[in-house]
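Inspection log for the structure reproduced underneath, given as structure tokens.
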Amino acid sequence: MAASSFAQFYYGVPEPGIVELPELEVIGSRYEWKYVKTGNFELYSNLDDIDFITRFATLLETSHNLIKSQFKGFLTNRTLQKKYVLCYESTRQDRFSVMERNTREHKRADQGVRVFTYEKRNGRLYNYRTNRLSTALTLADLHGDIMPDDVKHTLGGRANARSRGRVNDWFRTAICYMRLNLNEKSAVDRGEYLVVFNSEIATQADAAAKKPSVSKMIDGFSNTIHWHSQNRGRRTNEDLRNDLRCFNFVYYCMFGNQGRHRAAMAAFMAWLNKHDASEEVFINIFGIDYKTMEKEISEYFAKIYKTNRCILPIANTAEKPERIDVQRVVRSRSSRLLSDAFYVANDDFRARALLLKALDEQPNVLNDPEFKASLALNELYADEGDREKAADWLEELVQMKIPRPRVYAEVANLRLKKTLPSNQHDATDAFVQRIRASSATTTDPFHAFGWQIGEAANWLRLYQRRSEQFSAYRLSMEEVAHSMEPLVTAFSMYQSESLYVMLTTIWFLSDHAPPKNIMNKIKEGCMLYPTNTVMIECTLDILKRHDAMAGAEELLKHGFIHALRSNEAKVVNMVAKFYDLNDPIAERTKDGLKREQWQRFYEVMQSAKTRTKTP
């Protein structure tokens, strides 16, 4: 939709019984839009097939429940329910072409909009990402499509120097086998997630378990992994066994043996995304070598693959997906959806204008807390936005306990900004403008570069610099309590990187020691969001100032494994600073450390241990 057509949204009085959605209207015809909301997502649809919408939403909810419960440590940092649009193809062409602008990663941590289209003529679902037509919608279809959005390492991946594939091919292969053999009926009916292999696959999986070959699997099996095989139509039993070695390894680590190696698996995948694998790194992360891991895998699967119809449990949530309630859409919801879609596509002007238009035409849209939240966040950072009104709205929403973590983080941030010395407010505004100018993906400084350095990390960096420049700038206990108030409310309901960042910021700016439960919460944030090296650095400062060294070694190791390659040297320097080491640290380069990364970190940590043990 061209910008020049924006003022032409409104087409007259709606027909009786039809919800008028000018922003979503298809030229030449009108549709009654429907709305579904669950604990995981919001769905908008203009299909007239209610049964299909219900099935689509049920399978989405079933898949999200599995991912949310079983892939902790692998999840992308989302703080808002996902949004899906299920519409006719002509609707997508006329109204959602804006979504074609590089939105796979979305770049905004609390926004995500996906469009699916449905061909009415043939009654077939069309998957917008892969252009795949399916005559019967299945759990495997939707699980395979939303998995790359929600789970790290299932898309892309660094090229594998030892094969024609990528370093995460074995992980993707395992997830593919899990998805294609997931039992839909047990998952939907009982919340019980089972992988069911037929006798042929079980036989090959049994043979694979007897010779796990972990090192060869990680190296890519000399190019035989099916993802990159040039002979897909002539695959041998050995090719199939190699695929199943991948499945056995990932299943055992994540779901077998009570998920003992799940956290290690997440860390290992993060490391492979930066560097080649080695047994030394494997031992440091998993705590065992290749041979021991292979023995554990063989012993675990020795009895499982002896049946003709092999069943491998993944999880039992003991709860069915939420009952799907298909409602009619009201203006506040439709305008919010389209505003978020434009916002994700980096069209901030139209995102705000659409909300203001809805407010002008139907003032009662402000009765919808979600609409008010979207408008407040748009107003807060728009060049012509009413920041005072936005701040008042956000404070109101905190009192209403709205289910949107970003609101609580923003309120904490606004309260903190009021504590800045009066001569620093202009500097803060200039900081925001610099972030906007330097970010190619967003004009919102709260999430600028969030996909790289961590959500809200730029605000933490700002306060860190202000503290360094003005040593007298410290929060009183009253200011700490006032800034903490929205976070205390939010943490009782949600988990979000921005909440942990603002929690760390508040106590970084105070000379008062955090209570034990708060200190543990601060460290928990670093473990949950280890790519945010700014948060780790400030956390170490808090720990050191209050002589709370316990847990620092684990935090540093975790941060080093997950840090961006360009930030690895920074983490090594953090170790030296935290333990007061004076030995020279490897110089930084744009690609990381000059010396072999893991070895350098190991040396510095050993020096730190020796130092702390010396009387």
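crowded, with 19+ Cβ neighbours inside 10 Å, on the phi < 0 side of the Ramachandran plot and not in a helix (DSSP H, G or I), is that true of I314? Talk me through it step by step, then tell me what you get.
Values: crowded, with 19+ Cβ neighbours inside 10 Å: yes; on the phi < 0 side of the Ramachandran plot: yes; not in a helix (DSSP H, G or I): yes.
Criteria met by I314.
For S439, the conditions (1) touching a Pro at 6+ places or on another chain (Cβ under 9 Å); (2) at pLDDT 55 or above all hold with the exception of (2).
Filter the range 196-212 for residues that are of a type in the set (G, A, S) and open to solvent by 30 Å² or more (accessible area, probe 1.4 Å); which is modelled with the lowest pLDDT? In this case the residue turns out to be S199.
Within the range 391-416, restricting attention to residues that are of a type in the set (K, R) and at pLDDT below 90, which residue is surrounded by the fewest Cβ atoms within 10 Å (Cβ to Cβ)? Checking each candidate, the answer is R404.
What about K557, is it open to solvent by 60 Å² or more (accessible area, probe 1.4 Å), under 21 Å from M605 (Cβ atoms) and not hydroxyl-bearing (S, T, Y)?
Criteria met by K557.
Within the range 474-490, the set of residues being open to solvent by less than 50 Å² (accessible area, probe 1.4 Å), in contact with a Ser or Thr (Cβ under 9 Å, 6 or more places away or on another chain) and in a helix (DSSP H, G or I) comprises V480, S483, A490. Look at (1) surrounded by fewer than 18 Cβ atoms within 10 Å (Cβ to Cβ); (2) farther than 28 Å from N198 by Cβ; (3) not polar (S, T, N, Q) and you find that A341 fails only one, number (1). Figure legend. Inter-residue proximity from the range 387-415: first residues in contact (Cβ under 8 Å) with a residue 12 or more places away in the chain and part of a helix (DSSP H, G or I), second residues open to solvent by 60 Å² or more (accessible area, probe 1.4 Å) and not charged (D, E, K, R), beta-carbon distance below 6 Å, spacing 6+ or different chains. Indicated pairs: R415/H482.
Looking at the range 44-51, can you tell me whether even one residue there is closer than 27 Å to L194 by Cα, open to solvent by 40 Å² or more (accessible area, probe 1.4 Å) and modelled with pLDDT of 85 or more? Talk me through it step by step, then tell me what you get.
Quick first cut of the range 44-51, residues closer than 27 Å to L194 by Cα only: 51.
So of that shortlist, the ones also open to solvent by 40 Å² or more (accessible area, probe 1.4 Å) come out as 51.
So of that shortlist, the ones also modelled with pLDDT of 85 or more come out as 51.
Taking every residue of the range 44-51 in turn, at least one turns out to be closer than 27 Å to L194 by Cα, open to solvent by 40 Å² or more (accessible area, probe 1.4 Å) and modelled with pLDDT of 85 or more.
In the range 244-272, the residue that is most open to solvent (accessible area, probe 1.4 Å) out of those that are among the charged types (D, E, K, R) and at pLDDT 90 or above is R262.
Report yes if K523 is among the basic types (K, R), at pLDDT 90 or above and open to solvent by 20 Å² or more (accessible area, probe 1.4 Å), otherwise no. It is true that K523 is among the basic types (K, R), at pLDDT 90 or above and open to solvent by 20 Å² or more (accessible area, probe 1.4 Å).
Exactly one condition in (1) in a helix (DSSP H, G or I); (2) in contact (Cβ under 8 Å) with a residue 40 or more places away in the chain; (3) over 26 Å from L564 (Cα atoms) is not met by M493; state its number. Going through the list (1) in a helix (DSSP H, G or I); (2) in contact (Cβ under 8 Å) with a residue 40 or more places away in the chain; (3) over 26 Å from L564 (Cα atoms), M493 breaks only (1). N458 meets all of the listed conditions (1) open to solvent by 60 Å² or more (accessible area, probe 1.4 Å); (2) within 22 Å of the chain's Cα centre (by Cα); (3) without any contact (Cβ under 8 Å) to a residue 40 or more places away in the chain but one, namely (1). Restricting the range 528-553 to residues that are among the acidic types (D, E) and closer than 20 Å to L503 by Cα, the residue that is most open to solvent (accessible area, probe 1.4 Å) is D547. I need a count of the residues in the range 317-371 that are part of a loop (DSSP other than H, G, I, E, B), free of Cβ contacts under 8 Å to residues at least 40 places away in the same chain and among the polar types (S, T, N, Q). So the count comes out to 1.
Do any residues in the range 515-534 that are among the basic types (K, R) have Cβ atoms under 8 Å from those of residues that are open to solvent by 20 Å² or more (accessible area, probe 1.4 Å), where the two are at least six apart or on different chains, and which pairs are they? Sorted first by the residue in the range 515-534, then by its partner, the pairs are K521/F491; K523/G551.
Look at the range 540-554: where a residue is in contact (Cβ under 8 Å) with a residue 40 or more places away in the chain and a partner is open to solvent by 60 Å² or more (accessible area, probe 1.4 Å), sitting 6+ places away or on another chain with Cβ atoms under 8 Å, you get M549/T612; E553/K609.
Among the residues of the range 306-322 satisfying the criterion of being closer than 15 Å to L194 by Cβ and more than 32 Å from the chain's Cα centre (by Cα), which is modelled with the lowest pLDDT? Top of the filtered list is T307.
Just one of (1) more than 19 Å from R172 (Cβ to Cβ); (2) surrounded by 15 or more Cβ atoms within 10 Å (Cβ to Cβ) fails for G287. It is (2).
The values are calculated or read from the model by the stated rules, or taken from the named source; none is laboratory data. Everything quoted here is computed from the prediction, not taken from an experiment. Every residue, glycine among them, receives a Cβ derived from its backbone with ideal geometry; neighbour counts consider all protein chains shown. These area figures cover heavy atoms from the full protein model, side chains too; ligands, DNA and RNA do not enter into them. Shrake-Rupley method; radii C 1.70, N 1.55, O 1.52, S 1.80 Å.
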